[in-house]
Amino acid sequence: MSSLFSELKRRNVLRVGAAYLVGGWILIQTADALFPALNLPDWSTRLVAGLIVLGMPVALIMAWAFEVTPDGVKRDTGESLASESSGKRLDIATLVGVVIVVALFALQKLDQPAIDQVYDSEITVTELAPSVAVLAFKNMSPDPDNAYFAEGISEEILNVLAGIKGLRVASRTSAFSFAETNTPIPEIASQLNVNHVLEGSVRKQGMRVRITAQLIDASNDKHLWSGTYDRKLDDIFAVQEEIANAIGAALLGALGMDTVSVRAPTKDMVAYELFLSGRKFFYQRGSEELARSIVDLSAAVARDPEFAEAWSFLAAAQSISTGYSSFSDAEVQEKNALASAAATQALQLDPNQALAVAIQGHVLEIGDNLAALDLFRQAATMAPNDAGIQMWLADSLFRVAGNLSESLPLYERAVELDPLSGINQGVAGIAYLMAGQRDKGREHIRRANAAGWRAASGMLLMDLLHTGEGEQVVDLIETQLTAVDDETLTADYVKGMLSVWRRIVASQITGDELEEIEASWKVRFPDSFFFAEYLAVGDLDRFFDSLSNNLSLTKHYFFMRFAYAPAGRVLVEHPRFLDVAEQIGVLPVWKELGYPFDCDLVNDEIGEHLKCANWPE
């Protein structure tokens, strides 16, 4: 063995190996830094590394078999003394390489984002508390499919900023709605009611990422701070922390702030990218998008079963998806079982997952509304700046308990945090109608329609009928039908529906005629059923018949919102309403907390029913 080592040393094999390793490392680092700037594909750096690895045994074999002499490269016969001089040259080359390696390593460690950091003397705390909107960062990667990653990083920064005490952060839905628009910064800030805006870009290629960010004072469109970060992908969490602390210092410097820290939610960067993709699709809603979200998030937790936040969003995607597709009750229960299991796993890993707590509340709404309310309250306390969770609590208090005194401030809070969210505007509008604030309620519902959430239109329609504004009813129906992107809504269907509503407004149609039309339409449109139409003509028996035939586990949300409106008094006071309330699980809540809207339970000549003397007109 000693003779073999001596021969390896004489033939400079060990020196060549050391020099090769140092030179190979320098080449890989050079490629990793240079190739993204040249727009070379992601696999280019991996190709260089692979070729260097494959070349290693070739270099060692060549060092054994040949030596460098003054007369050129010759086979090593064991008699030449040139190996000693060649070895010295290799030692010098290796030493130079080691110096370069140390220098590059030191530069990487000193790679800090101190670029144009500005803390302007004009930044002072005024009567308007410091606030910021984080816009969706632009994707500057060669691959356009990396847009999800750029958006995900901006959301991660938004979430960190939202945890800084004293700083108000606009919600994701509203802030990201300005993506791909040319809306001026001051106008964005005005719509979101913030005084600062953070924008930026992300360039990802291979295992390296470049993030640029700029903080802008919306009052004068002036850049207050900017930074550029060139890092490896697994340093992404440190970058998020640095950006958040820099912005917090800029906006709260006069008050002082606690330093925020970011804990890596996973060490598996593939799982992290799957999570960012799944979360993006979750926020897009839609049946196809939620299905894709479930696929990506399931893959993320399969790679890293300890990834608590991915489990939370998987639970949310499973549960929320039941409202965006036609599922049977059995399928809804299966989805909710999967959601409950995912939420439980998330909370076992991290008890601070507010979203998982809220989803547990969603699941329980079908069977135990009192327990669901408690969970929504717990989640809202855990995440006071999460507009979605605040809205879920408000909506549960309103639909289930009929509690306006608690739900209205929560609806207002959700709208304040996320003013461009259609669902927040819509459900708040329904509550305002019930509170007797008709103008405010209608305005919120119109904003919801403009944002693409039209589920509140039925309540607006019934309120217009209730106040005798028939022409606006027809206009609303026509607007809603033409706005829906649904191939099943043929021209004949739209024309027929408009005809029905014109006759309803003119009091020229009866419940019998509506039933005949509904039966004929079901031949061509099996999923269609008359609901608001029976109510509009005052045929409450057919209304409740239609409701009982179509009241799936996913439709009871709609019914309670529909009933809680000035026009809904005739429904709530009808004896059959108590049967529906029992069926959807709200009657036990009323017996525990009291009947909604100061209604009393009476038993008279029409049977047991609610009597609501103070119902708003």
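How high is the FRET efficiency from residue 165 to residue 405, r the C-beta distance, R0 22 Å, rounded to 0.05? Between residue 165 and residue 405 the formula returns 0.20.
Given the range 511-605 reduced to its alpha-carbon atoms as identical point scatterers, what log10 I(q)/I(0) does the Debye formula return at q = 0.15, 0.20, 0.22 Å⁻¹? Results for the range 511-605 at q = 0.15, 0.20, 0.22 Å⁻¹ read -0.64, -1.05, -1.21.
The convex hull around the C-alpha trace of the range 374-464, projected and averaged over every direction, spans 5.3 square nanometres. Look at where the Cα atoms of the range 286-335 and of the range 360-426 average out, and the two centres are 21 Å apart.
In the range 131-263, the DSSP beta bridges split such that about 75 percent are antiparallel, to the nearest 5. Annotation: amide H of residue 134 within the under-5 Å range of 170, 198, sequence separation 5 or more or interchain, hydrogens built in the peptide plane. When its C-alpha radius of gyration is set against 2.2 N^0.38 Å (N residues), the range 131-263 gives a value of 0.99. Quick one: check the C-alpha center-to-center distance for the range 576-617 versus the range 260-283, whole angstrom. Cα centroid of the range 576-617 versus Cα centroid of the range 260-283: 46 Å apart. The percentage of C-alpha pairs in the range 177-233 whose separation is greater than 17 Å is 47%. Here the Karplus relation 6.51 cos²θ - 1.76 cosθ + 1.60, evaluated at θ = phi - 60°, turns the backbone of the range 570-575 into coupling constants of 5, 6, 5, 8, 6, x Hz, with x for every Gly and Pro.
Taking a label point 7 Å from the Cα of residue 228 along the Cα→Cβ vector, which residues of the range 181-208 have an amide N closer than 17 Å to it? Within reach of a label on residue 228: 199-205, 208.
Sorting 444, 574 by the number of Cβ atoms found within 10 Å of their own Cβ, with the fewest placed first, yields 574, 444. Taking the inverse of the mean 1/r over every pair of distinct Cα atoms in the range 387-537 gives a Kirkwood hydrodynamic radius of 16.5 Å. Measuring nothing but how far apart in sequence close Cα pairs (under 8 Å, 6+ apart) lie, relative to its length, the range 365-611 scores a relative contact order of 18 percent.
Amide H contacts for residue 222 (H built 1.01 Å from N in the peptide plane; partners 5 or more residues away or on another chain; cut-off under 5 Å): 217. Going from the fewest other Cβ atoms within 10 Å to the most, the residues 459, 434 appear in the order 434, 459. A Förster radius of 60 Å, combined with the Cβ-Cβ distance separating residue 507 from residue 377, puts the computed FRET efficiency at roughly 0.85.
The residue among 423, 433, 449 whose Cα reaches farthest toward the positive pole of the charge dipole of the range 412-468, with charges on the beta-carbon of Lys, Arg, Asp and Glu, is 449.
Throughout, read-outs are computed from the coordinates displayed, never taken from laboratory work. Just so we're clear, the structure is a prediction, and the values are computed from it rather than from any experiment. Positions of Cβ are generated from backbone atoms using ideal geometry, with glycine treated the same way; all protein chains shown enter the neighbour counts.
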